[in-house]
Amino acid sequence: MKNKYINSAIFLLIVFSSNLVFAQSKEKYTDDENARIKFAVHLVTYDTIGSFDNALGEATCKLLVFSFLENQICPKIDFAKLSSNDMSVIKKYINSFDAIKNNPPTWDELLLKETQYQIWLDASQHRKSKYKN
């Protein structure tokens, strides 16, 4: 009878430990995935110019962006001092970062978004487009 309990306990230990090993390996990305995740960050955050109510909101956003860009994590920050507008912008970015991390975009998706970014950048900096078409 003791053997049965010991065997069950060993089996459960193996199942739980293998689950932990596989759960941790989900956070491992290939070099290609890491590159796509890092490149996608500026495509999420490029239109934040002038959208914050105060310096605290912009500083919080920059901290989140740099932390995610370097370490692919969003640090736990107290949002109590942020305005509701700043908090909504930052939470939108956190959700976007989580989506990028959970499902890294393909190079084709990044190319499309980078094209949209270049069009936005051109429109925001020039009266007349620098592109011929």
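The values are calculated or read from the model by the stated rules, or taken from the named source; none is laboratory data. Keep in mind the model is a prediction, meaning the values are calculated, not measured. Note that we place each Cβ from the backbone using ideal geometry, even for glycine, and neighbour counts take in every protein chain shown.
Against the definition (loosely packed, with under 13 Cβ neighbours inside 10 Å, hydrophobic (A, V, I, L, M, F, W, C) and within 25 Å of THR30 (Cα to Cα)), how does PHE66 come out, yes or no? Considered against the rule, which asks whether it is loosely packed, with under 13 Cβ neighbours inside 10 Å, hydrophobic (A, V, I, L, M, F, W, C) and within 25 Å of THR30 (Cα to Cα), PHE66 comes out as yes. Selection of the range 24-69 for residues being within 18 Å of TYR117 (Cβ to Cβ), at pLDDT below 90 and small (Gly, Ala, Ser) yields GLY50, SER51.
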